[in-house]
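A short write-up of the structure that comes next.
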Amino acid sequence: MGITSPNRLAREKSPYLLQHANNPVDWFPWGEEAFAKARAENKPIFLSIGYSTCHWCHVMAHESFENADVAAILNASFVSIKVDREERPDVDRVYMTYVQAMTGHGGWPLSAWLTPDLKPFYGGTYFPPDERYGRPSFANLLRSIARAWEIEREKLVSEGDRVIDALRQHGAEKTSAASAMPDLTEAAGDAFEKCFQYYYEAFDSGEGGFGSAPKFPRASNLNFLFRVAAIQGVDTEAGAEAIKMATTTLQKMAEGGIHDHVGGGFHRYSVDEAWFVPHFEKMLYDQAQIAVNYLDAFQMTRRHVFLWIANDIFQYVRRDLTSPDGAFFSAEDADSIIEHGKPEHAEGAFYVWTKAEIEAALAVSSGALPTGSLADLMNYHFGVTAEGNVPQQLDPHREFAGKNILKQRHGLSDTARKFGLEVTAASDRLVEALAILKRVRDKRPRPHLDDKIITGWNALMISALARAAQIGFAYEDEAAHIQLDGSTSPAGAVEHLASAVRAAEFIQRELYDSSSGVLYRSFRQGRALVAAFAEDYAYLIQALLDLYEADFEIRWLEWAEKLQATMDRMFWDEKDGGYFQAAEGDASIVLRLKDDYDAAEPTAGSVAAMNLLRLAPVSRDGEALTQRAVRTLASLQSQWARTPQALPQALCALEYAMMPRRQVVIAGDPGSEDFRALWRETQRSQGPRCAIFAADGAAGQTWLASRAPWLGEMKKQEGRATAYLCEHYSCREPVTTPSALRTQLES
């Protein structure tokens, strides 16, 4: 039920807040106006946090926030605040930490009740309109809290004080535990072994992934396993096992319903163990990190299917998540309108199919099969049935009755054999069928697009595209036959690099204040006022380092250096090391926290530690950057030493910090073939990481030498591009041939 005039959220730019602009709830955005009202009227705050593509956020909105009776309780007894967790991850982090500590779980929508000075005293996630799922009715809960505030106010205020003190003390104890840990090198080795053992024991050998349902594509898990393989060697027992766990997971994900076989990209997670029934939203940060996993899988195995899937992700992002200015939108919703002109929504409506819909769509295809029709081929390969292919235990409310989620049920060779085709011909016909289905699906009502541009998430995609460009250039001879949309095309290295550059230039132009060195968090119809957070800086610095190693334009290193200085100034914890999520000085943040879990996105500290180590060789004070990286990792030590699987990305940085760090400097013109031939060897190497720099004999080398004078001495030998492999502050004999460099890298 709506009201005749919009509430205050109508003035906001966030798609999530705008979705609630016509609620009868008297919503406030997060800010002083709401806080002042709570203080003046001595009312508790009801804080609701979510995001625009969140399915259960939609459910709670329809059930409760659009209900006039519920709104009347909220308006009378509370000051209600809406927060987009993507705009304000700092606010979300504080109250999510509280809810997780109080209830043992978290998620969105996040519901928290605060004192007027913003301290939480009760919280949870989704609350239904009546008692169900073991949860109280939302309206009854509101009445109970309002009554408690009237008669036990001092007790609730004291609870808020106690909660903040407890969370602050917990953080202090972690810091104390970290300072009491043994030598970092010894602890690192133990953590690496313990983390590998965890994945080995938790691995689902049948379906890939780790543990049971629900299954999330947590990219940092696979990043760790690929690092294990690189360190141990792909032919060792541990290296082979690590690759098996990672690639089996990626293969099963690609076959599953979590993969959008028709339009490309991956959905958020699977509710079952077999990656079959997804939660259908698509997030930019997932696309970016999953793409990197597939690129690593290709590099480790040279199986072209992994490169194909990475390109499938990039094609989806370029087509559906890219703004006209080249930046990347945040997400697509899980829900959509079922039919044009009607209001009913359903999760997955855009993506699921009846058998009749597939047969009608493919009836227009040309070319007969030796056995059966193109629809028969499609239905067999993807397990499509007339009654629908989602079993009732995975669909208790029968939302998918009669519908099919596409999941590869039979291997390509099996499908080809059944229909009397060669494998290549079967692949071609399946690609044709999927292209036809895409044209049909494009006529359906599309899911809501969150067209907010988030700095950190864009940076993750820039990194992925830069990595794709590196691999595309390095393996261009092999990548020339990757098929997309039924046409043979190169892997798109040039296009990937151009997309990465456009997005980076957008951020620099629209979300960066060069006079202050400060980044901003998001852009929609103009730059938002909220400054960026530590993760935005860390991800963007990483992206710029990756971009530099793809095109060797010195502007990326120059900007990365400036951003690192700003990040250190705004977020560094001088006392205990590590990076706070939020900058100091925001009175609305009652507790500054440091993330210590590499979840759907890695922590700022995990990424920043690696960035510092990559920047150190070309810093005026490389030792200071190295020590800052080590202190960052030490600040997380109580977590990764106890439960290393919580911080697999930090362990990747720890490995780099503890091992002798290598640099490859290539002297010559980065655009020349002899330079690129040497550079390709650095990309093909599966051994320890190398930081790569170009001694171009021009402005780039001048800038590098002004910070690291030893780089000024690197010259071409005998008129040819020359590579210098350096470690332990000394360099090996310069080489001019790829084979000689390969020998050095492998030794």
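The values are calculated or read from the model by the stated rules, or taken from the named source; none is laboratory data. Because the structure is predicted, anything quoted here is derived from the model rather than measured. In this analysis, Cβ positions are derived from the backbone assuming ideal geometry, glycine residues included, and neighbour counts consider all displayed protein chains. The accessibility values were calculated without ligands, DNA or RNA, using every heavy atom of the protein model including side chains. Shrake-Rupley method; radii C 1.70, N 1.55, O 1.52, S 1.80 Å.
For the reader, a short list of remarks on this structure follows.
- Gyration tensor (alpha-carbon) shape descriptor, segment 426-577, a/c threshold 1.5: oblate
- Separation between Cα centres of segment 1-52 and segment 381-395, rounded to whole Å: 41
- Longest exposed-site-free window of the chain, the sites being chymotrypsin sites (Phe, Trp or Tyr not before Pro) in a DSSP loop that have at most 12 other C-beta atoms within 10 Å: 134-728
- Across the accessible surface of the chain, with the other protein chains kept in place and a 1.4 Å probe, carbon and sulfur atoms take up 51 percent.
- Beyond 23 Å in Cα-Cα separation lie the following of the pairs K282/K443; K37/K82; K244/K407; K82/K562: K82/K562.
- Computing FRET efficiency as 1/(1 + (r/R0)^6) for A600 and Q525, where r is the C-beta to C-beta distance and R0 is 30 Å, gives about 0.70.
- Whichever aspartates and glutamates have a C-alpha closer than 16 Å to that of K715, once near sequence neighbours (fewer than 8 apart) are set aside: D669, D674, D696, E733
- For segment 667-738 and segment 519-539, distance of Cα centres in Å: 35
- Relative to the current alpha-carbon distance between D414 and R720, full extension at 0.36 nm per residue lengthens the span by 105.0 nm.
- Taken as Cα centroids, segment 292-350 and segment 233-262 sit 19 Å apart, rounded to the nearest whole angstrom.
- Rounded to the nearest 5, the antiparallel percentage of DSSP beta bridges internal to segment 644-747 is 60%.
- Shown for the chain: cysteine residues without a partner Cβ closer than 4.7 Å, namely C195, C652, C690.
- Projecting the Cα atoms of H345, M283, Q315 onto the charge dipole of segment 279-369, computed from C-beta unit charges around the Cα centre, puts Q315 farthest toward the positive end.
- Near-label residues of segment 235-263 by backbone N, under 20 Å of a point 7 Å along Cα→Cβ of E727: 235-240
- Dipole of the chain computed with +1 at Lys/Arg Cβ and -1 at Asp/Glu Cβ about the Cα centre; of G700, V607, I453, farthest Cα towards the positive end is I453.
- Within segment 74-110, backbone nitrogen closer than 14 Å to the virtual label 7 Å beyond the Cα of E159 toward Cβ: 99, 102-103
- Efficiency of FRET from Cβ geometry, R684 and V364, R₀ 45 Å, rounded to 0.05: 0.50
- Anisotropy class of segment 650-714 from Cα gyration tensor, a/c 1.5 cut: oblate
- Candidates T643, V91, L184 compared by Cα position along the dipole of the chain: farthest toward the positive end lies V91, with charges placed on Cβ.
- Stretch gain in nm, segment H340-E387, where the contour uses 0.36 nm per residue and the Cα spacing is subtracted: 14.5 nm
- E673-E32 FRET efficiency (beta carbon distance; Förster radius 45 Å; 0.05 resolution): 0.15
- Additional length obtainable on full extension of the chain from Y380 to V440, 0.36 nm per residue less Cα span: 19.6 nm
- Summarising the label geometry, the points placed 7 Å from Cα in the beta-carbon direction at E150 and R620 lie 6.5 nm from one another.
- In range of the label at S212: residues from segment 266-297 whose backbone nitrogen is under 20 Å from the point 7 Å along Cα→Cβ: 269-279
- Reach of K252 by Cα under 18 Å, taken over aspartates and glutamates that are not fewer than 8 positions away in the same chain: D204, E207, E241, D260, D272, E273, D286, D296, D312, D414
- Options [x] 214; [y] 161; [z] 179 - which one matches volume of the Cα convex hull per residue in Å³ as calculated here: [y]
- Here K43 is the anchor, and the aspartates and glutamates within straight C-alpha reach of less than 18 Å, apart from those fewer than 8 places off in the same chain, are D26, E32, E33, D117, E150, E152, E154, E159, D161.
- The chain - share of DSSP beta bridges that are antiparallel (%, nearest 5): 75
- The residues neighbouring H410, those whose beta-carbon lies less than 15 Å from its own, together hold a net charge of +3 under the Lys/Arg +1, Asp/Glu -1 convention.
- For the chain, the relative contact order works out to 11 percent when only alpha carbon pairs closer than 8 Å and six or more residues apart are counted.
- Rolling a 1.4 Å probe over the heavy atoms of the protein chains gives segment 204-285 an accessible area of 27 Å² per residue.
- Helices in the chain, meaning DSSP H runs of at least 4 residues, each add -39500 (n - 2.57). Divided by all residues, the mean residue ellipticity at 222 nm is -15500 deg cm²/dmol.
- Electrostatic dipole magnitude of the chain [Cβ: Lys, Arg +1; Asp, Glu -1; Cα centre; debye, to 20]: 400
- Segment 1-153: C-alpha gyration tensor shape, a/c 1.5 cut-off, then a/b vs b/c: rounded
- Between I692 and V664, the built amide H atoms are under 5 Å apart, and every one of these is 5 or more places off in sequence or on another chain.
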